[in-house]
Every structure is written in C-alpha cells, then in structure tokens.
1. Name the residues whose placed amide hydrogens come within less than 5 Å of the amide hydrogen of LEU12, ignoring near sequence neighbours (fewer than 5 apart) on the same chain.
2. Looking at the P(r) of the stretch 1-81, how many percent of alpha-carbon pairs lie beyond 21 Å?
3. Using the membrane-span-like helix rule (whole DSSP H runs, Cα extent along the own axis of at least 24 Å, mean Kyte-Doolittle hydropathy at least -0.5), which helices of the chain qualify?
4. Is there a pair in LYS76/LYS106; LYS2/LYS321; LYS85/LYS107; LYS58/LYS104; LYS214/LYS265; LYS131/LYS175 whose C-alpha atoms are over 26 Å apart, and which pairs would that be?
5. For the ranges 135-145, 27-37, what's the packing order if you count other beta-carbon atoms within 10 Å of each residue, average per peptide, and put the highest first?
6. Computed over the Cα atoms of the stretch 198-316, what is the ratio Rg over Rh, Rh following Kirkwood?
7. How large is log10 of I(q)/I(0) for the stretch 45-198 at q = 0.13, 0.15 Å⁻¹ when the intensity is taken from the Debye formula with one equal scatterer per alpha-carbon?
8. Using the Karplus equation 6.51 cos²θ - 1.76 cosθ + 1.60 (θ = phi - 60°), what ³J(HN,Hα) coupling, rounded to whole Hz, does each residue of the stretch 145-153 give in order, writing x for Gly and Pro?
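A short reminder: the numbers here are calculations on the coordinates, not readings from a lab. What you see is a predicted model; the values in this text were computed from it and never measured. A quick note on method: Cβ atoms are made from the backbone with ideal geometry, for glycine too, and the neighbour counts reach across all protein chains shown.
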Amino acid sequence: MKTIEIIGNKTLSGTVRISGAKNASVALIPAAILSDDIVTLCNLPEISDIDALTDILKALNVDVNRATETAVIDPKNMINVPIEKELSQKLRASYYFMGALLGKYKKVEMYFPGGCNIGKRPINLHLDAFKKLGATIVESDNNYIIEAQELKGTTISLDVASVGATINIMLAAVKAKGITIIENAAREPEIVNVATFLNNMGAKISGAGTSIIKIKGVNYLGKGFVEVIPDRIEAGTYAIIGALVGDNFKVDNIITSHLDAIVEKLKNIGCNITEGEDYLLFNKVENFKSTKIKTQVYPGFPTDLQQPFSVLLTQCNGNSKVEETIYENRFMHIPYLNKMGANITVSGDVAIIKGKTQLTGQEVVATDLRAGAALVVAGLLAEGKTTIAYAEHILRGYENIIEKLTELGAKIAIK
Ligand code: EPU
C-alpha cells in the first residue's frame, strides 16, 4: 500500500502543466488495435491505468514502444486471445477492448471490467448495442464471449448518454457493414478525441461532440496519429487547489472551453481568476460565497470534479449543496472530510456543506481515484499533517502529482 503525507496550509505558486487526458488515453489505446498498421499516440499521461492497458496490449501480442508521453503501437502481429480476469479487472477502461476486438475480429472474450467502486456501473448499454450490431453474447461468472458472423450498421438510441457505451459503439461499428447512428450519444471531449483518431486511420465518423454520431463502416484502417487532449479533470483539480491555496498559481496547457462549467462555479463563489487562451491564473481571495452544484453529463458540471470541489465548498460561507446525479456512491470522501473538521451531511444523492470550517490534518483513506484527489486538496488546505492511505488510487489518474505539487511549493511525499 502506498501512502501520501502532506503538511498543509502552505501557499502554492508557479505553473502546473496539465497532462494528457486519462479518459481519452484509455480509449485511444484500445482504439489503436483497430488499425492494421503502425499508429502513434502522443501527450499520453504517465499513469498506472496506461500501464494496465499496455499489459493487455502485450498479452494480445501487440508491439508497444513507449517513450516519454508517447506510444508507438504496432498491431501487425496481434493475436486475438481471451483477456484474462486479472487484466480485465484492473481498470474500467479494459471494456474498450470489447468494442475494439469485436470490431476487428468479430470476436472477443474477456471479463467484466474493474475500476473505482463508485456505484453499480453496469455495461448493459454496451452489450445491448453489440447485440443490435449483430453480435451474440454468452456470459458466465462475469466472463463474456461476444461474437458475430457479421456486424451490420443500425440505429442505436442510448437510454443514458454514456461515455463508455458511445465510444464502445464507435469502436465496434467502425468496420461494420453500412451505417450506424448513435442517438443520445455522450458529448464529452474525449469522445471527439477518439473519433478524430479513428478518422485519421481512415474511419468515417461524423457528429462526435454532438448527440447524434454517424459511423459509415470502412474495410480498412491504416497508419494513424493522435495527440491526446489535455485532461480537463486534472486541470479542474488543480484549479480547485489554485482557488484554495494558490497565489500567482497558473494552470497551464488546457483547453479552457472544456472547463466552462467549473470556471463558472469558481467565479460564482468569488474566485480571483484570470482566463488566458490556454491557461487559468489564480490569485488569493479571503472569502468565498456558498453555491449549489449538480453533476451532469458534458457540458454540465463533471461528476469527476464533484469530490474535489466539495473541499472548496467547506471554505465557502453559508450552506452549499452538492447533488450527484451520475453515480450512487460518490460521497465516500465525506466522512474523512468531516474527520478533518468539515461539517457535511449526506442524504441520498445530496450533500449539504456548512462553511466555513477550519480543516486539520488527519489519517484518511483514498477509497477511489477522485475521493483520493479530494483528500489531497483537503490535505493541502488543512493545518498540520494529513496521511492518505491507498494512494495507488490517486496515481491511476494524476501524472506526477507529487512532483507537480512539490514544484508549486507543497510539502508532500509518497511512501
Ligand atoms: N450506465 C448504465 N449502463 C451502461 C453504461 C453506463 O446504466 O451500460 C450508467 C452508469 O452506471 C452511470 C452513467 O450511466 O450512472 C454514466 O456512465 P458512463 O458510461 O458515462 O461512465 P463510464 O464510461 O463508465 C466514464 C469515465 C468516468 C466518468 C464517466 C462520466 C472512463 C474510463 N471513465 O465512465 O471517469 O466519471 O465517464 O463522465 O472514461 C474517473 O475518471 O474518475 C471516472 C470514474
């Protein structure tokens, strides 16, 4: 088990460069195997989820050459073997191999994916879509054998605008016969990044970033290149840190429009933000106003920033309200924030945060990735020492977090 220790209540200054997006990269890597030639990905973050996907590629006999923030993937010698349970369950995004292998070989065998325990997280929409494209599915003990004689384009209307299902349908349909239409598609920027990559390889996808995506099947995908977009969740997390403990604190290398929902809330509570073309600059303010946040699909307020943002709300004067609409179980950081001195009550999918409260360092546990990120934010703010157990969760999604925060002046270490 890894542990992060933070001595908090220090003002942080300087520039933090935001890395490539985890949730784009974890789809781009499985997408790469749809090519029959060499593809290059750059601006890949160095995080453990990428290592886990690289292990799956290796198990499929795909050549992977990784250098700093780059991967050259050559699937020419690939073999379609079942993906073992341990590899499937290491992360959520292993499920993108379902769509990619089905799309390429018309057959895939793997287990139900892993990932943070933040709710039920079923994959029914993915499986229903594969069936609509012509696949049959045999499931036993969380093992799935999905295969098709032929994949045929069709119209798939999603009940929920799911990021994972939208990307998986694109992967499965890109080489299918005819045209596939996804209605009520998710609109997250990561989906656009994946569609752009597939199109660069020769796919014919239009409408990514809107709620209707059209995929015209092609026979062959070849050489390709993609630059991973900046991570809007990492950027949002540092923006929250900048708002709380930053002075002359710059969050750099971002696409500011991807952060509109969070910047609006930061301004709403009274943060001092200067917006540049590709950066946000934070200067200190003494008092924040309370607000309400409700998580929504993009372009709404992202669920992945709800937990870090709740720490900021402990410093707002008055009652703030947080409503989590995407996952059933994303308040697991709250008992630890209360242990540190916050005054938060949870009832169902709503948390009421009474501020402002002084936080003090405590021993806490990172129950999942973003809960862990929230506790890092709390530790940076708190008086004294915070010890965060199970820090592995945090390393799944934040590249060089210890180095980046140290560079900004934080007292933080990992053991
Ligand atoms: N859902 C279903 N059935 C499905 C698929 C989804 O009911 O077949 C439900 C989910 O249970 C959830 C909602 O739909 O309530 C949204 O889920 P979605 O499919 O959009 O999420 P995901 O693809 O599993 C990705 C990110 C998450 C992020 C969500 C929402 C990856 C690997 N994961 O998950 O990221 O919270 O989109 O933006 O891209 C994180 O980075 O910490 C993280 C959890």
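1. Distant-sequence amide H within range of LEU12: GLY246, ASP247.
2. On the way: 1299 of 3240 pairs.
Result for the distance tail: 40 percent.
3. Numbers: long enough: none.
Answer set is empty.
4. Numbers: LYS76/LYS106 17 Å; LYS2/LYS321 32 Å; LYS85/LYS107 17 Å; LYS58/LYS104 17 Å; LYS214/LYS265 34 Å; LYS131/LYS175 16 Å.
Over 26 Å Cα-Cα: LYS2/LYS321; LYS214/LYS265.
5. 27-37, 135-145
6. Working: Rg = 17.9 Å, Rh = 16.2 Å.
On the Cα set of the stretch 198-316, Rg over Rh gives 1.11.
7. These q points yield log10 I(q)/I(0) values of -0.59, -0.80.
8. 10, 10, 8, 8, 5, 8, 9, 10, x
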